[in-house]
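Let me begin by presenting the structure, written as structure tokens, before commenting on it.
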Amino acid sequence: MASAITASLSERARQRQLQSVGVLCGFSAALWLAGAEAPTKLVSIAVSPFVISFMMVLGAFTSRWSVPVLVRGTSDIGRDLRQAPHLIIWGVLAGCLWAVGNTLTILAVRDVGLSIAFPLWNANSLVGILWGILLFKELRRAGWLRWAGVVGGAIIMFGGAALLSLASASQAAEGHAARGVLAALGAGLVFGSMYIPYRKAYLTGMNPLTFVTIFTIGEMATMTILAVSFTGGFAPFWHELVKSRSVAFWPLLGGFMWVVGDLFQNYAAKYVGISRGIPLSNTNQLWGLLWAILVFGELRGLGKEVYGLVIGGSLLMAVGAVAIALSSATSGEYSSWKEAAQRESDLYGVAPEFVAARLEGREESRPRTRKVFDGVLIAFATALFVAFAWMAAVPPLYIHWAWLVALTAGMLVVLAGCGAALWKITRFT
């Protein structure tokens, strides 16, 4: 009896640890995802949005391979995939959805501005909460207080999005407001549905660092098809790329930043679920607002009503996200998660001990081996970024460099702190 009580207390303590690191990952993701969208400001200098999106995806593609290889090595990634090979198709599908959603965000920023589009596509929280409840037993046995926090927070966030939709008519070029709003909301729908493969992967026990490596195959293939198709063929698309080579580094860098944020978001989805992890990471609308106003000078010269709608709507969405974050999972809800994991394990024939260990942020201890191929991948990624940086020119935009340095420094501090916490508690499992 005593041993059972001790085991139960130990399990609950572990759950609280994972909950804490999941919350931290969600907020860390917010900072990096916000910073990653800043390069989309380049669409205002007549660069094709499909070129911007393609270069961002190319940066993400390169980083999604090199960063996991740097941390874990290809041998560990291969072992993960052999444990749950069915997740390869789900990872590719998630990548396809991300590429479509990312292209829609580029179009939205072009039509209604970063400070408006950002919170609108973050309506993906609502979609993620819905899928989490319907498909993965999130909030099952959670109690009315947790339900009130999550669902109430979602309603508050929806109210904030509605205020920002009203403000968009004042920010967009005439005739483009509705198009920009639809593009942003469409991105939110696509991004929200993208989290279905995420949650399937982590209930089954896959490491986020492994999942993003297969994710990138779908995103790169889809983005290439979209870019070539919408620019009139390969030759016109290549011409656009060459013409834009002096600014191509910035969205490439944005893709790298997105991958860092997305990795934190993946860990948040794994350890606190998509109904909590996604709203937490979507507090990036506040950081996005800071980038837009402080670094790029958006909203200058506009009336107090527009300021009130944009800032008030963003704050309202943040309040909703905080309410969701504070609704921590109970022991009963964790039991429901385990039932959902058992269902995935039975459906795909994954070893139950593998699933159970990974749900607790543990894996068997083994030496991590490095291959020559690992070094080649990292060297190639580094060379690609250096080559584009060599050709880069600072775009002719209003940029407040002091604020840019301050926000970048904050991102680096958060990267170090959250990375250290993840290593200490989960060893990046």
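The residues packed around Gly419, meaning those with a beta-carbon under 15 Å from its beta-carbon, carry a net charge of +2 if Lys and Arg are +1 and Asp and Glu are -1. Backbone phi angles across segment 57-73, fed through the Karplus curve with coefficients 6.51, -1.76 and 1.60 (θ = phi - 60°), yield HN-Hα couplings of 5, 4, x, 5, 4, 5, 6, 5, 8, 6, 5, x, 5, 4, 7, 10, x Hz in residue order; Gly and Pro are listed as x. If the elastic network links every pair of Cα atoms under 10 Å, which of Val190, Val414, Val386 fluctuates the most in the Gaussian network model of the chain? Checking each option, the largest mean-square fluctuation is seen for Val386.
Over segment 194-334, calculate the relative contact order: mean separation of alpha carbon pairs under 8 Å at least 6 apart, over the residue count, as a percent. It rounds to 25 percent for segment 194-334. Reported to the nearest whole Å, the Cα centre-to-centre distance from segment 77-101 to segment 410-429 is 24. For segment 214-317, the Cβ-based charge dipole about the Cα centre amounts to some 120 debye (Lys, Arg positive; Asp, Glu negative; other atoms uncharged). By the scheme Lys and Arg +1, Asp and Glu -1, what is the net charge of all other residues having a beta-carbon under 11 Å from that of Phe54? Once all neighbours under 11 Å are counted, the net charge is -2. Ligands, DNA and RNA left out, the accessible area of the chain computed with a 1.4 Å probe is 73% carbon and sulfur.
In order along segment 275-287, phi translates into HN-Hα couplings of 6, 10, x, 6, x, 4, 5, 7, 5, 4, 4, 6, 5 Hz, rounded to whole numbers, per the Karplus curve 6.51 cos²θ - 1.76 cosθ + 1.60 with θ = phi - 60° and x for Gly and Pro. Take the convex hull of the alpha carbons in segment 315-429; its mean projected area over all directions comes to 13.2 nm². Tell me, what is the FRET efficiency for Glu353 and Leu412 to the nearest 0.05, using R0 = 51 angstrom and their Cβ-Cβ distance as r? For R0 = 51 Å, the calculated efficiency reads 0.85. The order of Asp262, Asp346 by accessible area, most exposed first and with a 1.4 Å probe, is Asp346, Asp262. Given the alternatives (1) 70, 53, 38; (2) 108, 44, 38; (3) 62, 45, 38, Cα extents along the principal axes in Å as computed for this entry is given by (1).
Per residue, segment 43-122 exposes 26 Å² of accessible surface when a 1.4 Å probe is rolled over the protein heavy atoms with every protein chain present. Taking other residues whose beta carbon is less than 14 angstrom from the beta carbon of Ala99, and scoring Lys, Arg as +1 and Asp, Glu as -1, yields -1.
Most tightly packed first, judged by the mean number of other beta-carbon atoms within 10 Å of their residues, the peptides 267-274, 50-57 read 267-274, 50-57.
The values are calculated or read from the model by the stated rules, or taken from the named source; none is laboratory data. Just so it is clear, the structure is predicted and the values come from calculations on it, not from any experiment. With ideal geometry, Cβ positions are generated from the backbone for all residues, glycine too; neighbour counts draw on all protein chains shown. Note: areas computed on protein heavy atoms with side chains; ligands, DNA, RNA excluded. Shrake-Rupley method; radii C 1.70, N 1.55, O 1.52, S 1.80 Å.
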